[in-house]
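See below for the structure under consideration.
The values are calculated or read from the model by the stated rules, or taken from the named source; none is laboratory data. Because the structure is predicted, anything quoted here is derived from the model rather than measured. No Cβ is skipped: glycine too gets one built from the backbone with ideal geometry, and neighbour counts run over all protein chains shown. Ligands, DNA and RNA are stripped out before the accessible areas are found, and what is left, the full protein with its side chains, is counted by its heavy atoms. Shrake-Rupley method; radii C 1.70, N 1.55, O 1.52, S 1.80 Å.
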Amino acid sequence: MVIILAGGKSTRMGKEKPVLEIANKPMLLWVYEQASKVDDVLVAVSRNTPKTKEFCIKEGIPFVETSGKGYVHDIQELLREFGPFISISADVPFVKASDFWLIKKAFDGKTSLTGVLSLSIIPKDLNPVVYKGYAIVGLNAVAEEEEEFFELTNPLLALNVNTPEELERAERIASVLFSFKEGISTAEQLSLTQSFGL
């Protein structure tokens, strides 16, 4: 099972992130569509994300409500209720089905896996959370026992959309990936393509 974590307070964005649009599609849908190619999916909402809950009801997306007391607390609640699962933050819009498949294949249901990226593949203008020489990404496998790093290779996982500036960057990446928006220069397309290994 994949659980999309969509119950945070979005304090840095100032708005409820999962329903913000990138290329005319709510960020939550970017993640949900890829996850649902690999496994059953639930969206974890909370009192912090009423619009996300409404969106799930409208779209027929299965959801569960957590207390919304914080990331670790919500993960523990979900683990108690559902057992081991794969988690993804709703603010990682460019996750691919293949990323889910890789971590699912490696997950034994006992040892937690923390998704990481080598710093060498991350574009210089991103500032991911770095721990023990790796960038920590929002894709993990959650279990009861100790955790290990699990190295992924999709550089777009380095973009967590937490601020208005990161939302704009995601929009620009989407425009390159999907030729969504006119007005992006050839030089900018080339720069983005090279930066993200597209």
Can you give the accessible area per residue of the chain, in Å², using a 1.4 Å probe?
51
Sorting Asn24, Ile103, Thr49 by the position of each Cα along the dipole of segment 24-104 (Lys, Arg +1; Asp, Glu -1; all at Cβ), the one nearest the positive end of that ordering is Asn24
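Of the heavy-atom accessible surface of the chain (probe 1.4 angstrom), what whole percent is carbon and sulfur? It would help to have the intermediate numbers written out before the result.
Working: 5050 of 10080 Å².
The computed percentage sits at 50.
Show Ser36, Ser120, Ser67, Ser46 ordered by accessible area, largest first, where the area counts protein heavy atoms only and the probe is 1.4 Å.
Ser120, Ser36, Ser67, Ser46
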Helix 186-195 axis, angle to the chain major axis (alpha carbon atoms, nearest 10°):
40
Specify, per residue and in Å³, the volume enclosed by the convex hull of the alpha carbon atoms belonging to the chain.
114
Using a 1.4 Å probe on the protein heavy atoms only, what accessible surface does Thr111 show? Give it in Å² to the nearest 10.
20
Accessible-area value, Glu59, 1.4 Å probe, nucleic acids and ligands omitted, Å²
90
Using only helices, what value at 222 nm comes out for the chain when you add -39,500 (n - 2.57) per DSSP H run of length 4 or more and divide by the total residues, to the nearest 500 deg cm²/dmol?
-10000 deg cm²/dmol
Against the longest principal axis of the chain, how steep is helix 71-82, in degrees 0 to 90 to the nearest 10, with axes from Cα atoms?
50
For the chain, the charge dipole (Cβ of Lys, Arg +1; Cβ of Asp, Glu -1; about the Cα centre) points to a positive end, and the Cα of Asn127, Asn140, Thr153 closest to that extreme belongs to Asn127
